[in-house]
Amino acid sequence: MKMTQKINLDLDYYKALRHELHAMPELGYQEHRTAARICRELERYGIPYEEGIGGTGIVAWIDKGSAGRSIGLRADMDALPISEETGLPYASRNEGVMHACGHDGHVTMLLAAAKVLKDSVAFDGRVVLVFQPAEEGGAGAKAMIEDGLFDRFPMERIYGLHTRPSEAFGTFLIKEGPVMTSVDTWEVVVRGRSGHSSQPHHAVNPILAVSHLVQGIKEISATSIDPAQAHVITVATIEGGVAFNVIPETCRIGGSVRAFSREVQETVERRIRELADGMAQGFGAEAAVEYQYRYPPTVNTHIESAYRAAVACVGEAKIKSTFPSSMGSEDFSFYLERVPGAYVWLGSKVDPEAETVPLHSSRYDFNDDLIEIGVCYWTGLVREELGA
């Protein structure tokens, strides 16, 4: 694909940097070598930074002009607990850990953009570069916020970019409103009374209560939530009993909830609690419910600059603004609860007939040819927001 703008960039250098990062993946809050490598690169550019924010997070900044305005650009840097099976010469050297979600590419694109912004882009204000730990379930965004991210580095808006291997190469997916769901986890422990299977009348079998509770929880969608409200309620674990002739004391059940609104989340929590208490009491047992709100929905609140920056890079025909929102979740949502901004996807699939190797696959590898597009997008976004 020919881009509409040409970026002055040493692509071979940044491809090699991406391969270096790919070979040294680290799990959330353990990204010490990755963070050190990012810091060395920022020092090479002469860009100031602070490290150790939210654990292993790094915040760098580029100041030009005197407008006093600022925007944030974020790259996630953690890897996944997956054994790599790509066979690449730069495959993971950290057994059981790999960059299977493209975060090595995200870091590379933002570092390359930082170099271009520092050296050759005119703007008036501050660009804040957020290198975030622990996106993969560790809520690194929340940790950085709680460590004073927005207090220490005020931002008018914040933007995120993520690769998407199922979409055509160079295609941007950008739209207003909810783009990813929340994710909550829940667990119910039903406590009965243990006993011998030959004398069930002297026991209270928690497995029976849980068996009915599974059906009740799965019926919440049909009975308590507007059918127009997309969501997923998953029953994922059941644990109870150790022997065929012993009625156990407890049975544990758990799962997750994904939704695009707080209203749906609260409805599901209320109904799980009501059903757990009712089912347990009906069988003479007791229930304890734990419901955790983990990531909120990711809701785009300002897409105009992102849209124009993407069009300037790849042309209007490569922009998709109508597409199904994802039932996956992202901790970028914590930023968007505090500051307007947008989270967009960038497609990487070159051959439409080829198999798509999805994110979080042991065979996944970031497409290096996206680096130039990502840099074009980030630098164009800064021009749109802070153009001198």
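Here are a few things to note about the model shown:
- Ellipticity at 222 nm from helices only: DSSP H runs of n ≥ 4 in the chain, each -39500 (n - 2.57), divided by the residue count, give -10500 deg cm²/dmol.
- Ranking by accessible area, most exposed first, for S333, S211, S325 with a 1.4 Å probe: S211, S325, S333
- Entry note: the chain has Rg to Rh equal to 1.06, where both radii use alpha-carbon atoms and Rh is the Kirkwood radius.
- Using a cut-off of 21 Å between Cα atoms, the listed pairs K320/K349; K15/K349; K118/K349; K318/K349; K15/K115 include K118/K349 as exceeding that distance.
- For the chain, the solvent-accessible area of protein heavy atoms averages 42 Å² per residue (probe radius 1.4 Å; ligands and nucleic acids excluded).
- Among the cysteines of the chain, those with no neighbouring cysteine Cβ under 4.7 Å are C39, C101, C251.
- In the stretch 1-124, the ratio of gyration radius to Kirkwood radius, Rg to Rh, stands at 1.00 when only Cα atoms are counted.
- Computed on the stretch 49-190, the Cα convex hull volume stands at 194 Å³ per residue.
- Accessible surface of the stretch 236-278 [probe 1.4 Å, protein heavy atoms]: carbon and sulfur percent: 48
- Residues whose amide H comes within less than 5 Å of that of H231, counting only those at least five positions distant or on another chain, are absent (H built at 1.01 Å from N in the peptide plane).
- Of the residues T181, G52, G195, the one whose Cα sits farthest toward the positive end of the charge dipole of the chain, with +1 on the Cβ of Lys and Arg and -1 on the Cβ of Asp and Glu, is T181.
- Here the Karplus relation 6.51 cos²θ - 1.76 cosθ + 1.60, evaluated at θ = phi - 60°, turns the backbone of the stretch 200-205 into coupling constants of x, 6, 9, 10, 10, 7 Hz, with x for every Gly and Pro.
- Positive-end residue, the stretch 157-242 charge dipole about Cα centroid, Cβ charges, pick of P206, G170, V232: P206
- Share of carbon and sulfur in the accessible heavy-atom surface of the stretch 153-218 [1.4 Å probe, %]: 55
- Whole-percent carbon and sulfur share, accessible surface of the stretch 289-388, 1.4 Å: 49
- Taking Cα atoms only, the orientation of helix 32-45 departs from the longest principal axis of the chain by about 20 degrees.
- Part-to-part distance (alpha-carbon centres) for the stretch 256-277 and the stretch 12-76, which is given in Å: 38
- For the stretch 249-357, radius of gyration divided by Kirkwood radius, i.e. Rg to Rh on alpha-carbons: 1.16
- Separation of the stretch 236-252 and the stretch 166-233, taken as the distance between their Cα centroids, equals 19 angstrom.
- Largest-first principal axis extents, alpha carbons of the stretch 160-260, Å: 66, 29, 19
- Treating each Cα of the stretch 337-388 as one equal point scatterer and applying the Debye formula with no solvent, the log10 of I(q)/I(0) at q = 0.20, 0.24, 0.32 Å⁻¹ comes out as -0.88, -1.03, -1.29.
- Of all DSSP beta bridges in the chain, antiparallel share, percent nearest 5: 70
The values are calculated or read from the model by the stated rules, or taken from the named source; none is laboratory data. Just so it is clear, the structure is predicted and the values come from calculations on it, not from any experiment. Note that each Cβ is placed from the backbone with ideal geometry, even for glycine, and that neighbours are counted across all protein chains shown. Ligands, DNA and RNA are stripped out before the accessible areas are found, and what is left, the full protein with its side chains, is counted by its heavy atoms. Shrake-Rupley method; radii C 1.70, N 1.55, O 1.52, S 1.80 Å.
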